[in-house]
Amino acid sequence: MSEQARRRPHKPYRRPQKDPVRMLAFEALRAVDERDAYANLVLPPLLKKAREKEGPDKFDGRDAALATELVYGTLRRQGTYDAIIAACVDRPLREVDPPVLDVLSLGAHQLLGTRIPTHAAVSASVELARVVLGDGRAKFVNAVLRKISQQDLDAWVAQVAPPYDEDAEDHLAVVHSHPRWVVSALWDALGGGRAGIEDLLEADNERPEVTLVARPGRSTTEELAAATETLPGRWSPYALRMAEGGEPGAIEAVKEGRAGVQDEGSQLVAIALANAPVEGSDTRWLDGCAGPGGKAALLGALAAERGAFLLASEKQPHRARLVERALAGNPGPYQVIAADGTRPPWRPGTFDRVLMDVPCSGLGALRRRPEARWRRRPEDLDGFAPLQRALLTEALDAVRVGGVVGYATCSPHLAETRVVVDDVLKKVGGAELIDARPLLPGVPALGDGPDVQLWPHLHGTDAMYLALIRRTA
């Protein structure tokens, strides 16, 4: 060792500093990746734990908001960030360890998707890497993020996305961070046109509003508006949109179950079925796939106003318990059972109204569950198809002549919507589609009918689908 080297002062080791906000965001992303968890289920307990550990003065509302933005923003833009990170590393992305990729994605979002200063975004991400990955891999994170920081998001997208004219679907997939097959399916459902698909994909990447429902006969929009800062609902007479940062769980009516959190598209499905004209009696209603209970609670309240009985059926016992909780205190008669809608315990022709909101891919709720776009595969639809057809067939068997069935999905994919309805109606005689559009008064851009497809970019709702079918024989 040279004399100069011996005299050089040794740099003392510095213990990495834990940033509770970024640690929480990293933990949430790991849970989504490792356990197939959903961010909306993982985040609340993590936030609660952080508040208890750090104390309200150290983990305030701004900390929670930043952690939430880091998690959801990173998940929504994951496809775009993956393409950018891939351009900055010297190996295929699949060879980068998932925890390292999560730290890089969090850093990329801070650099390209927030107003956090560049130096702060890089240094905070490197410090996180030191804590969770070690000093060696932290150096790798530092090198990659410094490359990413050299351009803004628009410049990176222009570099990594193929030109639209050469490959439109792949261009949209990278620019708007959706898998290519999802872009293709949504484009087919929209019916073509570049402007519409770009608007829809961008709407999927926006933070959805929190929408409240005042369950009729139990609460009012006036009561909710007096309890918190809100805007009127766009389409549902029972809806209010909460101001950003509002906490629905703090509202007394929500605590007591007289009101709830429910997307306005979901409200419209229940309202349309409840208001569809039926011939004859109107005293027995069925929600055949009732979990977790939002539509059942609204249907139950509407049924109670007319003296009708609601049977809420859910196959999974734990979800049936959620339905029981949602319906607790309903002013009218109801019953919750755990039953398989494809092998129902009720007799044919029992009900006047039937809602069958079937299990589906969930492509209509990508705003709320951004990780679902990366988790779903095209072959998943093949698994849902037989179940969706069986449930609709049994729903048509359960309704009496003159009664109405509502077939609903939180997916706009044609294979889960019109194709299912058309196939079942061809096989089951004595049933006809009725026009659902007049039952959504004031809602624009509902298409040619008779079924209805709602859209985030057109209606501000999840992409709910509804077909109303009357039993004629």
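The values are calculated or read from the model by the stated rules, or taken from the named source; none is laboratory data. Remember, it's a predicted structure, so these values are computed and weren't measured experimentally. Cβ placement follows ideal geometry from the backbone for every residue including glycine, while neighbour counts extend to all protein chains displayed. Surface areas here come from the heavy atoms of the whole protein model, side chains and all, with no ligands, DNA or RNA. Shrake-Rupley method; radii C 1.70, N 1.55, O 1.52, S 1.80 Å.
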Quiz item: Magnitude of the Cβ-charge dipole of the stretch 194-237, K/R +1 and D/E -1, about the Cα centre, nearest 20 debye?
Solution: 280 debye
Practice problem: Apply the Karplus parameterisation 6.51 cos²θ - 1.76 cosθ + 1.60, with θ equal to phi minus 60°, to every residue of the stretch 212-229 and state each ³J(HN,Hα) to the nearest whole Hz, in sequence, with x for glycine and proline. | Solution: 9, 10, 8, 5, x, x, 10, 8, 9, 5, 5, 4, 5, 5, 6, 8, 7, 6
Practice problem: List, in order, the whole-Hz ³J(HN,Hα) value for each residue of the stretch 393-398 obtained from phi through the Karplus relation with A = 6.51, B = -1.76, C = 1.60 and θ = phi - 60°; use x for Gly and Pro. | Solution: 4, 5, 5, 5, 6, 6
Quiz prompt | Cleavage-rule hits, trypsin sites (Lys or Arg not before Pro), the stretch 86-135, DSSP coil, Cβ neighbours within 10 Å at most 15 | solution = ARG115
Quiz item: Of the labelled options (i) 53, 27, 22; (ii) 41, 26, 21; (iii) 47, 26, 19, which one gives semi-axes √(5λ) of the Cα gyration tensor in Å as computed for this structure?
Solution: (iii)
Quiz prompt | Computed accessible area, HIS176, all protein chains, 1.4 angstrom probe, square angstrom | solution = 10 Å²
Quiz item: Ranked by accessible surface with a 1.4 Å probe, highest first, in what order do THR68, THR74 come?
Solution: THR68, THR74
Quiz item: Where a ≥ b ≥ c are the square roots of the eigenvalues of the C-alpha gyration tensor, would you call the stretch 382-460 rounded, which needs a/c under 1.5, or, failing that, prolate if a/b is larger than b/c, or oblate?
Solution: oblate
Quiz item: From the backbone phi of the stretch 117-127, what are the Karplus-calculated ³J(HN,Hα) couplings (6.51 cos²θ - 1.76 cosθ + 1.60, θ = phi - 60°) in whole Hz, Gly and Pro given as x?
Solution: x, 3, 4, 5, 5, 5, 5, 5, 6, 5, 5
Practice problem: Report CYS360's accessible area, 1.4 Å probe, all protein chains in place, as a number in Å² to the nearest 10. | Solution: 20 Å²
Quiz item: Got the relative contact order for the chain handy, in percent, Cα pairs under 8 Å and 6 or more residues apart?
Solution: 12 percent
Quiz item: Sorted by accessible area with a 1.4 angstrom probe, largest first, how do GLU127, GLU27 fall?
Solution: GLU27, GLU127
Exercise. Report the label-to-label distance for ARG306 and ASP36 in nanometres (one decimal), using points 7 Å from each Cα along the Cα→Cβ vector.
Key: 3.9 nm
Quiz item: With a ≥ b ≥ c the root eigenvalues of the C-alpha gyration tensor of the stretch 199-277, is it rounded (a/c under 1.5), prolate (a/b larger than b/c) or oblate?
Solution: oblate
Exercise. Show the residues, 5+ positions off or on another chain, whose built amide H is closer than 5 Å to the amide H of PHE309.
Key: ARG284, TRP285
Quiz item: Hey, which of these cross-link pairs are over 22 Å Cα-Cα: LYS18/LYS49; LYS58/LYS147; LYS48/LYS255; LYS295/LYS427; LYS18/LYS147?
Solution: LYS58/LYS147; LYS295/LYS427; LYS18/LYS147
Quiz item: Given a 1.4 Å probe, how much area per residue of the chain is accessible, in Å²?
Solution: 46 Å²
Quiz item: Let a ≥ b ≥ c be the square roots of the eigenvalues of the Cα gyration tensor of the stretch 302-392; is it rounded (a/c under 1.5), or, if not, prolate (a/b larger than b/c) or oblate?
Solution: prolate
